[in-house]
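The values are calculated or read from the model by the stated rules, or taken from the named source; none is laboratory data. Please read these numbers as outputs of a predicted model, since none were measured by experiment. Backbone-built Cβ (ideal geometry, glycine too); neighbour counts: all protein chains shown. Remember, those area values only see protein heavy atoms, side chains included, never the ligands or the DNA or RNA. Shrake-Rupley method; radii C 1.70, N 1.55, O 1.52, S 1.80 Å.
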Amino acid sequence: MAKKEPWYSVYRALASNPASAKVVTCRNEDPKRPGRPEIDAFDNKGVEGRLKQDCAKALRQALMYVFTGDEVYRANAMKILRVWSQMDPKKFKVYGEAHIHASYATKEMIMAAELMRYTSTDNPKLEWTDRDTREFSENFAIPAVNTFLNENGWFMNQN
């Protein structure tokens with residue numbers, strides 16, 4: 001807020017990223033059923049690509065909310081997180097190099113959720129709830145970690 005360096009330059013770089021814009025879309029949102037995932041299975045690189053796009057947006061939107069307090073950013077982050085919170089945990093399956101390629105995206109989505117969980121809003125629709133914690137944990141975070149990352153055998157701990 002005081003525009004002190006080096007932090008202000010970093011903030012400007014964050015704010016100039018397209019994923020930090022006030023108008024963003026959720027790549028995995030079903031256009032026919034808004035608020036729902038278009039694909040609820042996480043079992044291939046195509047879904048991983050959707051996650052990479054959406055986690056970049058969710059994390060940047062969450063950070064922009066923290067830095068600006070503008071609830072447009074919070075609404076965007078919450079929408080993306082809530083879409084991914086509706087994945088089917090039974091449809092998470094290992095695919096080639098998932099432990100490498102899905103790891104950072106999973107971590108960033110969890111970071112965005114944590115920022116929303118531990119910040120507040122006056123808008124009840126944008127509040128992080130116990131239901132959000134349960135659904136995000138049960139339908140995204142736990143199955144992703146258990147399926148792709150919970151292994152003690154990868155070279156140099158790749159993931």
Quick count over region 41-81, residues being under 25 Å from K93 (Cβ atoms) and either open to solvent by 40 Å² or more (accessible area, probe 1.4 Å) or touching a Leu at 6+ places or on another chain (Cβ under 7 Å) (or both), is 7
Which of (1) assigned to a loop (DSSP other than H, G, I, E, B); (2) among the hydrophobic types (A, V, I, L, M, F, W, C); (3) in contact (Cβ under 8 Å) with a residue 60 or more places away in the chain does A144 not meet, given it meets every other one?
(1)
Would you please list the contacts, defined by Cβ atoms under 8 Å and residues six or more apart or on different chains, that run from a residue in region 33-45 that is free of Cβ contacts under 8 Å to residues at least 24 places away in the same chain to a residue that is outside any loop (DSSP other than H, G, I, E, B) and not basic (K, R)?
E38/E29; I39/G46; I39/V47
Taking interchain pairs and intrachain pairs at least six residues apart, which have beta carbon atoms under 7 angstrom, with the first residue in region 67-88 and free of Cβ contacts under 8 Å to residues at least 60 places away in the same chain and the second of a type in the set (V, I, T) and open to solvent by 10 Å² or more (accessible area, probe 1.4 Å)?
E71/T121; R74/T121; N76/V24
Any residue in region 5-22 that is loosely packed, with under 14 Cβ neighbours inside 10 Å and in contact with a strand residue (DSSP E or B) (Cβ under 9 Å, 6 or more places away or on another chain)?
no
With the requirement that a residue be in a helix (DSSP H, G or I), open to solvent by 10 Å² or more (accessible area, probe 1.4 Å) and at pLDDT 95 or above, what does region 82-106 give you?
R82, P89, K90, K91
T147 fails exactly one of (1) over 27 Å from A21 (Cα atoms); (2) open to solvent by 20 Å² or more (accessible area, probe 1.4 Å); (3) out of contact with any strand residue (DSSP E or B) (no Cβ under 8 Å at 6 or more places or on another chain), namely (3)
